[in-house]
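These notes are about the structure you will find just below.
The values are calculated or read from the model by the stated rules, or taken from the named source; none is laboratory data. What you are looking at is a predicted structure, and each value in this text was computed from that prediction instead of being measured. Methodologically, a virtual Cβ is constructed for each residue, glycine included, from the backbone with ideal geometry; neighbour enumeration extends over all protein chains shown. Protein only, heavy atoms only, side chains kept; ligands, DNA and RNA dropped before computing areas. Shrake-Rupley method; radii C 1.70, N 1.55, O 1.52, S 1.80 Å.
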Amino acid sequence: MEVLLIDPLVPEALSWLQERHEVTVLPELGDDPMALRAQVYKTRALVLPPHVVVSREFLDFAPLLKVVARMQISSDNTDLEACARRQVRVVQARSATVRSNAEYLLYGLLMLYRRGMVSALLGRKLAQVRMGRELAGSTVGLLGLAPVAHTLAPMLKGLGVRLLGYDPAVHHAAPIWEKLGVEPTSVTDLLARSDAISLQVVYASRFRGWINERLLNHCKPGQLWVGVSRSSLFDAEALALALTDGRIDACLLDGAHPGLAAPGTPLHDIPNLHLTPRLGSHTREAKLRASWYVAHRIHESLSPTVVRSELPLSDFSVLDSLDSSPDPEWPQIETPSQWSAMAPGDAPR
């Protein structure tokens, strides 16, 4: 087969791709590694969910493979070096979830500022609900200037929030700070002055355990944290201590590694740590943008009119880019008709 979809596209993008290529949709293979390997032997392009790992051994079963595509961003489920050696293009819809993740971070801040909201929804009496705060007039530190921060910053500014910012890869004199209305500062000053921290650092292996005890010692007491970055940024013992001694009042992390708070770990059963399973990117609009991006890149890669040497081998080469402009090939999202062909069971979750 030419194109195999283990992670299905939205109906409009699927129809568009089917008009140009032979497309097979078999989502059940995502949980059947042996059956998947039997199918990839004759496949030129794959669209995979996050939990399916592409390793050197996996590529041994796919001699015709030209494209590995995903609609979610993650670098730890794909052997990029092995793909590069075999001239397999790695495609990820890196900007499709920028707005959805920014809205998730905003939601997280609003929820943590009003801690009583969750208590009330659980049916607890008003007398037991903690007094909340308003975002307006508070200070939020943007830890990391990934594209999601470019969308989140104006949202927070519109609510009357003062913004501080730090990114280890962005110079304090870079014009982007002024453009976003963010005051650049050192990471220790950011933690010391911020009422809340929004974490969206682009992960690299050198940042593993970067948020450690020495860094968290600078937290303003009672600080709130929300984040969509890799949980590997945290030293688990240091975060557990900060959550229990009052430095961090509450922490909401999206898409953390499943083992971060597993039984036997320092973060297990800490009540003010809240983890969600990559909900920030799970919106209909993000799914639509990602589907069209992936469909266009697959067609581009398999088209005989495109010179192979002109194609980038990996979307990861531009992951550190601060340009969050939407892809011009993405469709507009105003019309509900774009979803008219989607059956209820097909809706992205």
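Just a few scattered comments:
- Here the extension length gained between Ala169 and Asp189 equals 5.5 nm, from 0.36 nm per residue of separation less the Cα-Cα distance.
- Solvent-accessible area, 1.4 Å probe, carbon plus sulfur percent, for region 201-293: 54
- Magnitude of the charge dipole for region 1-114, about its Cα centre and with charges confined to Cβ atoms of Lys, Arg (+1) and Asp, Glu (-1), is about 400 debye.
- Probing with 1.4 Å while keeping every protein chain in the model, the per residue accessible area of region 1-89 equals 46 Å².
- Relative contact order, whole percent, for region 106-251 stands at 21, derived from Cα pairs under 8 Å and 6 or more residues apart.
- What you get for region 151-268, charging only the Cβ of Lys and Arg (+1) and of Asp and Glu (-1), is a dipole of about 200 debye around the Cα centre.
- Using C-alpha pairs below 8 Å separated by at least 6 residues, the relative contact order for region 228-270 is 50 percent.
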